[in-house]
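**Student:** This is the structure I have questions about; it appears just below.
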Amino acid sequence: MKAKIAFIALALAASMPAWAEQSKDPIGDLAQVTGLSERKVQMIVGNRTAFAEYPYTYDRALKKFVNAIGEVRYEQLMNGESVAITDKDGREYIVQVKREFNDAL
């Protein structure tokens, strides 16, 4: 009986990387997948003008970001949808970035 339980536990542990769940740190996951720093990812998906380096690095960082995740996924992500992204090691991340807009103007 113990061997059966151990086998089931081992089988579940081996299949865990295949399970994708909603990310608790979407900025960190996007940074890992794209190769950008978390600060640059935050600049791309958030309020870019809050970053001093914005005028110099935004276009280059955006191009690298879109090349890494794909243009369709980038558009979905910016529309607030959940997006499944696979990194170079085969790990799958499901990320969603909550964007808030101030319509008070």
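**Student:** Scan the stretch 68-86 and report the pairs whose first residue is touching a residue at least 60 places away in the same chain (Cβ under 8 Å) and whose second residue is open to solvent by less than 30 Å² (accessible area, probe 1.4 Å), with Cβ atoms within less than 9 Å and a gap of 6+ or a chain change.
**Tutor:** Here the result reads Ser82/Val95; Ala84/Val95, each pair linking the stretch 68-86 to a residue that is open to solvent by less than 30 Å² (accessible area, probe 1.4 Å).
**Student:** Checking the structure you have, find out if any residue of the stretch 69-86 is charged (D, E, K, R) and at pLDDT below 85.
**Tutor:** Restricting attention to the stretch 69-86, the residues satisfying the condition of being charged (D, E, K, R) are 71, 73, 75, 81.
Those still in the list that are at pLDDT below 85 too: none.
So far as the stretch 69-86 goes, no, none of its residues is charged (D, E, K, R) and at pLDDT below 85.
**Student:** For residues that are of a type outside the set (S, T, N, Q) and open to solvent by 30 Å² or more (accessible area, probe 1.4 Å), tally how many sit in the stretch 37-50.
**Tutor:** Applying the first criterion (of a type outside the set (S, T, N, Q)) to the stretch 37-50 yields 38-41, 43-46, 48, 50.
With the extra rule that they be open to solvent by 30 Å² or more (accessible area, probe 1.4 Å), the set shrinks to 38-40, 48, 50.
Selection size over the stretch 37-50: 5.
The values are calculated or read from the model by the stated rules, or taken from the named source; none is laboratory data. These figures come from a predicted structure and were not determined experimentally. When we count neighbours, we look across all protein chains shown, and the Cβ atoms used for this are built from the backbone with ideal geometry, even at glycine. What goes into the accessible areas is simple: the full protein's heavy atoms, side chains included, and nothing from ligands, DNA or RNA. Shrake-Rupley method; radii C 1.70, N 1.55, O 1.52, S 1.80 Å.
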